[in-house]
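Shown next, in structure tokens, is the structure this report addresses.
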Amino acid sequence: MNRLSPSFQLSHALVPPLWLRHPQGQTLYAALWASTPKVDWIREVWSCPDGDEVQVDRLAGQPSQPVLILFHGLEGSSQSPYVRSLAHAAQSAGWHVIAPNFRACGNVLNLLPRLYHAGDSAEIHWLLHRVRQEFPHSPRYATGFSLGANMLLKWLGEQEKYAASWLHGAVAVATPFDLRIVGDHLAKGFNRLYTHHFLSTLKSKAQAKHQQFPGLFNLKHTLGAHTLRDFDDHCMAPLHGFKDAEDYWKRSSSLPWLKHIEIPTLLLQSRDDPFVPVHALPGIQDLSLAIRMDLQHFGGHVGFVAGRWRCHTRWMPERVLKFLQHPEIPTPSQQHPDIRE
């Protein structure tokens, strides 16, 4: 691998315990066993522009302090450990925190004949618009995780310079930039266990949605899906206006939009992410000059468990907040190696 330039240094390097330097260990420990701060969310129900509803959780900050909007990952919610960890850190700094639960997430089924999906940048748009209306004079930042990161990056690229009217900076953590590569990668080897976990809850939501609106999609084929491609072919694509999974993944991937991003943005990734293989990461030709990539050796998928002896998950929240407070943006004159090498 080429020596990394200042824009791609392993700055603020994560140092995990010696016994937790495995991608599955990082991923599973953070999701299942790591101690995560308790967060006393205040639940609100927001009306969507199309007449649907989403459950939104929030924490009150100090007057005039920044606002942080958090977008969770696939089958996550405001209760996901990574969301709670960052929310707790932001609130401790005096920030306001807003954590929408995407449609059908947060233990409440939505009203309309649709769910949430990886390319729904329109959902990001109206949510950010509402936050801007409430906090017109406060610094506003957003962080997305995994699927939520893909949605956020796609929106940032679509908006280009206009995104600065909504946000002052953004962080995307463990992004599946190319949904086709990542979706098919999750059908292989140990990753099939993660796929089984995702499908167990996705199928339950699909069944409930089919009871609401019979005939929207083929329920039998949906419940028989063994891969995300199968599920997206039979449920997600027809629900959201895509031809099939291939069309859904191609049109929803954030990768083509990265070069259009114009506000300070951090891409926080790990080389050992079991969901996102290294060859699915963006090359330097895919990135705009407003983007900084922090590519860690360890971290798994939204894991980032640190500590030499006692494990903790404080590293990721500290890294995110430090960037948002002091963005590290590369200059045009710097040389950028291809980070995928």
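So if R0 is 45 Å, what FRET efficiency would ARG132 and TRP19 give, r being the distance between their Cβ atoms, rounded to the nearest 0.05?
0.50
Ratio of region 179-251's C-alpha Rg to 2.2 N^0.38 Å, to two decimals?
Details: Rg = 11.9 Å, N = 73, 2.2 N^0.38 = 11.2 Å.
Dividing the Cα Rg of region 179-251 by 2.2 N^0.38 Å gives 1.06.
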Report the Cα-based extents of region 135-188 along its three principal axes, largest first, to the nearest Å. 48, 17, 11
Find the lysine pairs in the chain meeting two conditions, Cα atoms under 21 Å apart and a separation of 8 or more places or different chains, and report how many there are. 14
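Over region 59-151, what number does the Rg to Rh ratio reach, with both radii from the alpha-carbon atoms and Rh per Kirkwood?
Values: Rg = 13.1 Å, Rh = 13.6 Å.
Using only Cα positions, Rg/Rh for region 59-151 is 0.97.
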With the crude spin-label approximation of a point 7 Å out along Cα→Cβ, what separation in nm comes out for ASP52 versus GLU328? 3.7
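Would you calculate, for the chain, the mean residue ellipticity at 222 nm contributed by helices, counting each DSSP H stretch of 4 or more residues as -39,500 (n - 2.57) and dividing by all residues, to the nearest 500? Mind dumping the intermediate values first?
Details: 10 runs with 102 residues, N = 341.
That calculation yields -9000 deg cm²/dmol at 222 nm.
Can you compute the charge dipole magnitude of region 98-181 about its Cα centre, using +1 on each Lys and Arg Cβ and -1 on each Asp and Glu Cβ, nothing else charged? Give it in debye, rounded to the nearest 20.
On the way: 8 positive and 6 negative charges, 18 e Å.
The dipole of region 98-181 has a size of about 80 debye.
Beta carbons within 10 angstrom, averaged per residue: use that to sort the peptides 178-188, 216-226, 65-75, highest first. Let's see the in-between values first.
Numbers: 178-188: 19.5, 216-226: 15.5, 65-75: 24.2.
The densest-packed peptide leads the list: 65-75, 178-188, 216-226.
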DSSP bridge orientation in the chain - percent antiparallel, rounded to nearest 5: 35
Could you identify which residue out of LEU28, LEU86, LEU266 has the top mean-square fluctuation in a GNM of the chain using Cα springs shorter than 10 Å? LEU28
Using the C-alpha atoms of the chain, what convex hull volume per residue, in cubic angstrom, is computed? 125
So what's the gap between the Cα centers of region 216-247 and region 44-78, to the nearest angstrom? 28
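Any idea what the dipole of the chain comes to, in debye rounded to 20, about its Cα centre with Lys/Arg Cβ at +1 and Asp/Glu Cβ at -1? Kindly include the intermediate steps, with their values, before the conclusion.
Details: 33 positive and 29 negative charges, 139 e Å.
Approximately 660 debye in magnitude.
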Quick check for you: which residues of region 10-45 have the amide N under 15 Å from the point 7 Å beyond the Cα of LYS188 toward its beta carbon? none
Inter-label distance for GLN285 and HIS12, nm, one decimal - labels placed 7 Å from Cα along Cα-to-Cβ: 3.0
Consider a paramagnetic label point 7 Å from the Cα of GLN212 along Cα→Cβ; state which residues of region 73-113 have an amide N under 11 Å from it. 103-105, 108-113
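Bear in mind that the values in this text are calculations on the coordinates, not laboratory data. Bear in mind that the values here come from a model prediction, so they are computed numbers and not experimental data. Using ideal geometry, Cβ is built from the backbone for each residue, glycine included, and neighbour counts are taken over all protein chains shown.
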